[in-house]
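Notes to accompany the following structure.
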Amino acid sequence: MHARGPRPTLRERFRAFRIARVASPAFQRWAAGFPLTRRIAQRNTRALFDLCAGFTYSQVLFACVRLDLFHTLRPGPLPTAVLAERFRLAPERAERLLKAAASLDLIARLPDGRWALADLGAALIGNPSVAAMIEHHAMLYADLADPVALLRGEPGPTRLSGYWPYAMAAEPDAAEADAVAGYSRLMAASQALIAEDVLDAYSLASHACLMDVGGGEGAFVTAAAARHPGLRLMLFDLPAVAARAE
């Protein structure tokens, strides 16, 4: 005799019925044409397309950051030819990137054909830490070239494991200055995203001393000192990182 599992609940049976319908091409066509379900079908189609195109979106953003497109456009709009020359790209390839960036609302094409910053591109200029994170993600994308092999542990050491050398080190406190420089700069930049929000949410005015454990290059304690000059500051991190903070 085969062991039988528990009988599916009413919710499980309904879910199985729903999944079977949604997975049916015939039902998908019907839902796309039926007035009451058309908007839901279109929304799901857009969401599925975004999932499929997500890697392309991230690579477009990475190319814009690497070429410094947003700072280039900050003084004012520029035509494709000028941007292509500055980026050392063929005009048709520059046009392709610019159109892709415009599709993500990072830049906008003006009626005269020039390119100008859009709100999202301008916001990136005001948040340099985001650009630093985008640069960092390039290593993650390289490690994810074959995600199945990565999950099975087949590719060997990843680029990110080399970037964060203490993660797998037998003696993390022995890391040298050159090994910690890259991620220390990144963490210092990323602190700008949260330090002011944390200090807005919680006042340190009644405290005499602040110890930042894992404080990196001291970005947070520096922000705290600017608000509370009388605060005693302490920072705890790997020796090579603490030396950078000092």
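The values are calculated or read from the model by the stated rules, or taken from the named source; none is laboratory data. As the structure is a computational prediction, the values presented were derived from the model and not from experiment. All Cβ positions, even for glycine, are placed from backbone atoms using ideal geometry, and neighbour counts span all protein chains on display.
Restricting the search to region 140-173, which residues are modelled with pLDDT of 80 or more and among the hydrophobic types (A, V, I, L, M, F, W, C)?
Leu140, Ala142, Leu144, Ala145, Val148, Ala149, Leu150, Leu151
For residues that are farther than 20 Å from Ile134 by Cβ and small (Gly, Ala, Ser), scanning just region 58-107, find the one that is surrounded by the most Cβ atoms within 10 Å (Cβ to Cβ).
Checked region 58-107; the qualifying residue surrounded by the most Cβ atoms within 10 Å (Cβ to Cβ) is Ala84.
Counting just the residues of region 26-52 that are under 26 Å from Leu104 (Cβ atoms) and among the β-branched types (Val, Ile, Thr), which one comes out modelled with the highest pLDDT?
The qualifying residue modelled with the highest pLDDT is Ile40.
I'd like to know if region 130-138 contains one or more residues that are in contact with an Asp or Glu (Cβ under 8 Å, 6 or more places away or on another chain), closer than 19 Å to Asp68 by Cβ and surrounded by 15 or more Cβ atoms within 10 Å (Cβ to Cβ). Talk me through it step by step, then tell me what you get.
Restricting attention to region 130-138, the residues satisfying the condition of being in contact with an Asp or Glu (Cβ under 8 Å, 6 or more places away or on another chain) are none.
No; the residues of region 130-138 include none that is in contact with an Asp or Glu (Cβ under 8 Å, 6 or more places away or on another chain), closer than 19 Å to Asp68 by Cβ and surrounded by 15 or more Cβ atoms within 10 Å (Cβ to Cβ).
Checking Pro155 against (1) crowded, with 16+ Cβ neighbours inside 10 Å; (2) touching a residue at least 12 places away in the same chain (Cβ under 8 Å), only one condition comes out false. Which one?
Pro155 satisfies all of (1) crowded, with 16+ Cβ neighbours inside 10 Å; (2) touching a residue at least 12 places away in the same chain (Cβ under 8 Å) except (1).
Please give the number of the condition Leu231 fails out of (1) closer than 23 Å to Ala132 by Cα; (2) surrounded by 14 or more Cβ atoms within 10 Å (Cβ to Cβ).
Every listed condition holds for Leu231 apart from (1).
Restricting attention to region 29-54, report how many residues are over 30 Å from Ala100 (Cβ atoms) and assigned to a helix (DSSP H, G or I). Don't jump to the end; show me each part of the working.
Pass one, region 29-54, residues over 30 Å from Ala100 (Cβ atoms): 29-31, 33-37.
Applying the additional criterion that residues be assigned to a helix (DSSP H, G or I) yields 29-31, 33.
Looking only at that region, the number is 4.
Return a yes/no flag: does region 66-82 have any residue that is in contact (Cβ under 8 Å) with a residue 40 or more places away in the chain and under 15 Å from the mean Cα position of the chain (by Cα).
Yes, there is a match, as at least one residue in region 66-82 is in contact (Cβ under 8 Å) with a residue 40 or more places away in the chain and under 15 Å from the mean Cα position of the chain (by Cα).
Any residue at all in region 230-240 that's part of a helix (DSSP H, G or I) and either more than 30 Å from Cys64 (Cβ to Cβ) or aromatic (Phe, Trp, Tyr) (or both)? Walk me through how you get there before you give the answer.
Step one: list which residues in region 230-240 are part of a helix (DSSP H, G or I), which gives 239-240.
Still in the running and either more than 30 Å from Cys64 (Cβ to Cβ) or aromatic (Phe, Trp, Tyr) (or both): 239-240.
Yes, because at least one residue in region 230-240 is part of a helix (DSSP H, G or I) and either more than 30 Å from Cys64 (Cβ to Cβ) or aromatic (Phe, Trp, Tyr) (or both).
May I ask you to verify whether Val180 is modelled with pLDDT under 80, touching a helix residue (DSSP H, G or I) at 6+ places or on another chain (Cβ under 8 Å), of a type in the set (Val, Ile, Thr) and not in a loop (DSSP other than H, G, I, E, B)? Before you say what the answer is, go through the steps one by one.
Working: modelled with pLDDT under 80: yes; touching a helix residue (DSSP H, G or I) at 6+ places or on another chain (Cβ under 8 Å): yes; of a type in the set (Val, Ile, Thr): yes; not in a loop (DSSP other than H, G, I, E, B): yes.
It is true that Val180 is modelled with pLDDT under 80, touching a helix residue (DSSP H, G or I) at 6+ places or on another chain (Cβ under 8 Å), of a type in the set (Val, Ile, Thr) and not in a loop (DSSP other than H, G, I, E, B).
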